[in-house]
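Engineer: Sharing a structure here in structure tokens format.
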Amino acid sequence: VPDLLDRYAERACELAGSLNPQQFSTILSAFARAHHRHDKMLKSFSKRMPPRLPQFTPLALGMVCNAYSKFREHDNQLFRRMSAELPHKLPLFEGHQLAFVANSYARLDIKDDLLFDDLADEVLRRPEEFEGFALVMVANAFGHFKIDTPRLWFVLSTWLLHNMLDLSSRHLVTVLNALSAVQFQHDPLLRGLTVGLGDPQVISELEPIDLGLALNAYNKLKWTGMNDFETIPKLAERAQECLHRAPPRTVAQLLHASSNLDVLTGNEALLRGLLERGAVVLPEMDGHSLSLLVGACAKLNLRDVELLTKVAKAITTKVKDLSPQALALLVHGFAKLEVRSEILFYLLAGQISDKINQFTGQGIAMTLKAYGKLGIKNDRLISASRRQLKSLAEELTLRELKTIERGFRALEALDPFTEQQLNKLRRNAQAAEDARKAAEAPPERTSDEELLRRLQEQEDDEDDEDSWIAAPTTPRASRTAPRSEASSSPASAGAGAGRVAGEEDRKPNLWEMFEVEKEDPRFAQGQSQAEIWEIGAPAQKKFADDGDSTQPSQLRDYLSRQSRPERPGRRPVELREDRPGRFDRTSVILDSSEEREQEKRRQESIHAAFGEAEEDPSKTKKTRPERTFTEEELDQELEGFSNTTEAPPKRGRRFGRRSTGR
């Protein structure tokens with residue numbers, strides 16, 4: 001069969017220029033299902049397809065993406081052209097076709113943010129069109145790129161829960177791993193997945209790879225509800241049974257999960273089996289798996305010198321492929337287990353110095369602490385760490401700075417300049433920490449009872465302040481009643497005066513004595529206001545005892561007068577009716593009789609003087625007759641003016657200084 005497929009592939013390369021989009025997709029899908037890869041055909045198709053992509057249907061595009069993902073053919077140019085063609089055709093895709101596109105980009109590790117935003121919109125718009133396996137593929141793709149949009153994951157979790165019965169055992173593990181990648185905890189879905197994975201039939205179908213993914217996913221999620229089920233111990237028992245078939249990466253994952261899950265830290269049989277299997281597959285492990293192995297041994301305090309020596313020898317050939325996290329984890333694990341290897345640490349220091357710009361504050365702290373604990377001083381590493389501290393000035397925490405200072409001190413590299421730099425960073429970190437705590441602190445809240453109590457106190461204070469201003473309702477009601485009953489007996493008057501509580505403690509209101517409402521029936525009977533006052537006088541005796549108030553009789557006489565009484569020193573002014581706001585000086589009311597007489601005589605003298613001048617024309621001033629001058633007289637006058645020797649006087653200067661004349 002492979003020979004036959006090779007012949008078909010050769011013929012397809014010859015006809016690639018005349019194939020249509022449907023034929024391209026069918027041939028690629030057939031070779032992908034047969035798991036037969038032909039490099040020449042893939043290169044020929046990658047060259048011929050891009051110009052014809054606008055003619056591809058959604059079905060053809062989905063089949064091409066799925067085939068390339070199975071072949072692991074990472075063609076950047078082709079997928080760049082597809083990323084430009086896909087967005088405006090996505091509304092025409094069916095659910096499983098969208099899943100194929102998302103899954104192919106994830107498997108080939110080609111991240112396109114705009115395309116995945118459009119895919120997310122399509123999922124949110126029509127989630128009911130996706131079947132169970134399509135939802136799993138979409139969740140796996142978004143989890144691979146760690147796209148943690150809460151709304152998208154809520155919709156995916158809800159519909160995955162509805163299609164739970166249609167999912168296989170591997171699908172359950174894939175969904176659990178995707179949720180752990182984005183740290184999204186949907187409690188109903190997690191409970192459903194945990195119950196499903198605890199089924200004995202499902203557990204029997206799981207492979208070692210699935211077991212490693214599931215346990216590692218529970219470790220990442222830190223879900224508190226997993227202790228309510230016996231799923232994790234069952235998964236560990238299944239992993240122990242098939243441990244001899246576990247690949248290297250799975251062994252590292254199981255060790256890492258066992259070091260963090262409390263349920264598995266005491267399972268000595270599983271840990272011993274994992275270490276034995278790790279020693280067997282150690283040469284096949286990559287750098288990331290070796291770092292997980294060393295970190296798990298350090299956390300579990302499993303000091304297997306023979307195994308760690310093999311790791312040190314195996315890591316020398318893979319040191320260039322290690323990530324910053326793997327480098328920090330390796331040096332930390334060896335230092336914690338007190339396994340000293342200067343050659344290994346020299347190689348690791350070189351890689352750390354080259355990749356120091358990718359290290360975080362935690363990574364630098366772990367590295368310096370490990371080198372300081374083992375007493376391995378590397379000048380290149382120290383200088384690189386000092387440079388990186390300046391770049392991470394705004395990201396370092398107080399705990400990291402404390403660990404870094406201890407590392408420099410242990411390496412005898414804490415010079416005054418470094419110490420000053422650390423002190424400055426510590427002050428900045430403390431200020432940032434205080435600001436963060438102040439922002440996260442909840443605002444002060446008062447209980448409902450305290451708030452009601454404070455409002456009631458404010459209302460009581462306002463009532464006490466305004467009680468003497470507002471007229472009480474009881475006296476007004478009493479004024480509407482006939483006053484004859486109140487004046488019939490002194491006892492009733494005293495009782496009526498005492499019915500109003502607290503009247504002696506407040507200031508009297510004049511309107512209570514003199515304001516008579518229009519509804520009073522005594523006005524209809526023809527009684528005057530004075531008679532009404534006389535009738536109501538006994539009821540007003542309560543004001544007589546108040547030393548600060550005027551007697552009602554005096555007030556009544558004062559208000560009944562047409563004009564105010566004359567008092568020495570007071571000169572009231574009457575306003576003129578024809579000009580409001582202006583007063584007439586002739587209508588000034590004088591206070592004493594002598595002043596009136598003086599003012600009268602003065603006014604008479606003024607009127608008499610003006611009157612006589614008008615009546616007696618003989619007393620008016622006479623005017624001199626107009627005179628005419630001749631020319632000779634004018635010349636004599638001008639000559640006399642010019643012959644005068646006296647100069648006009650000069651004015652003196654300012655500020656009192658006298659001027660001197662010539």
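The values are calculated or read from the model by the stated rules, or taken from the named source; none is laboratory data. Quick caveat, the model's predicted, so the values are computed rather than measured. Using ideal geometry, Cβ is built from the backbone for each residue, glycine included, and neighbour counts are taken over all protein chains shown. Accessible surface areas use protein heavy atoms only, side chains included; no ligands, DNA or RNA. Shrake-Rupley method; radii C 1.70, N 1.55, O 1.52, S 1.80 Å.
Engineer: On the full set of protein chains, 1.4 Å probe, figure out the accessible area of H74 and give it in Å² to the nearest 10.
Structural biologist: 90 Å²
Engineer: Here is a further query. Given the whole protein assembly as supplied and a 1.4 Å probe, what does the accessible area of D379 come to in Å², nearest 10?
Structural biologist: Rounded to the nearest 10, the figure is 110 Å².
Engineer: Taking only protein heavy atoms into account and a 1.4 Å probe, give the accessible area per residue of segment 312-450 in Å². Walk me through the numbers on the way to the answer.
Structural biologist: Numbers: 8270 Å² over 139 residues.
Here the residues of segment 312-450 average 60 Å² of exposed surface.
Engineer: Now, a different point. If I model a spin label as a point 7 Å beyond the Cα along the Cα-Cβ vector, how far apart are those points for K437 and Q362 in nm?
Structural biologist: A separation of 2.2 nm, rounded to one decimal place.
Engineer: Rank these by accessible area, largest first, 1.4 Å probe: V280, V173.
Structural biologist: Values: V280 100, V173 0 Å².
The residues order as V280, V173, largest area first.
Engineer: Compute the relative contact order of segment 180-289 as a whole-number percentage, counting only Cα pairs closer than 8 Å that sit 6 or more residues apart in sequence.
Structural biologist: Details: 97 pairs, mean separation 31.9, N = 110.
The value is 29 percent.
Engineer: Output the relative contact order of segment 18-87, whole-number percent, from Cα pairs under 8 angstrom with separation of 6+ residues.
Structural biologist: Values: 45 pairs, mean separation 32.9, N = 70.
Computed value for segment 18-87: 47 percent relative contact order.
Engineer: If DNA, RNA and ligands are ignored and the probe is 1.4 Å, what is the ranking of H96, H288, H88 by accessible area, most exposed first?
Structural biologist: Details: H96 60, H288 90, H88 125 Å².
The residues order as H88, H288, H96, largest area first.
Engineer: Cβ under 11 Å from V195's Cβ, V195 left aside: what net charge do those residues give with Lys, Arg +1 and Asp, Glu -1?
Structural biologist: Values: positive: R191; negative: D199, D228, E230.
Net local charge, V195 excluded: -2.
Engineer: Sort I404, I147 by heavy-atom solvent-accessible area, probe 1.4 angstrom, most to least.
Structural biologist: Values: I404 0, I147 35 Å².
So, going from the largest accessible area down, we get I147, I404.
Engineer: Taking the dipole about the Cα centre of segment 1-104, with the C-beta of Lys and Arg at +1 and of Asp and Glu at -1, give me whichever of F71, H88, A30 is farthest to the positive side.
Structural biologist: H88
Engineer: Only four residue types carry charge here, +1 at the Cβ of Lys and Arg and -1 at the Cβ of Asp and Glu. Report the dipole size of segment 152-245 about the Cα centre in Debye, rounded to the nearest 20. Please report the intermediate quantities before stating the final value.
Structural biologist: On the way: 7 positive and 10 negative charges, 54 e Å.
Taking the Cα centre of segment 152-245 as origin, the dipole is about 260 debye.
Engineer: Roughly how many Å² of R72 are accessible to a 1.4 Å probe, to the nearest 10?
Structural biologist: 130 Å²
Engineer: Could you state the number of Å between the C-alpha centres of segment 173-226 and segment 92-170?
Structural biologist: Rounded to whole Å, the Cα centres lie 18 Å apart.
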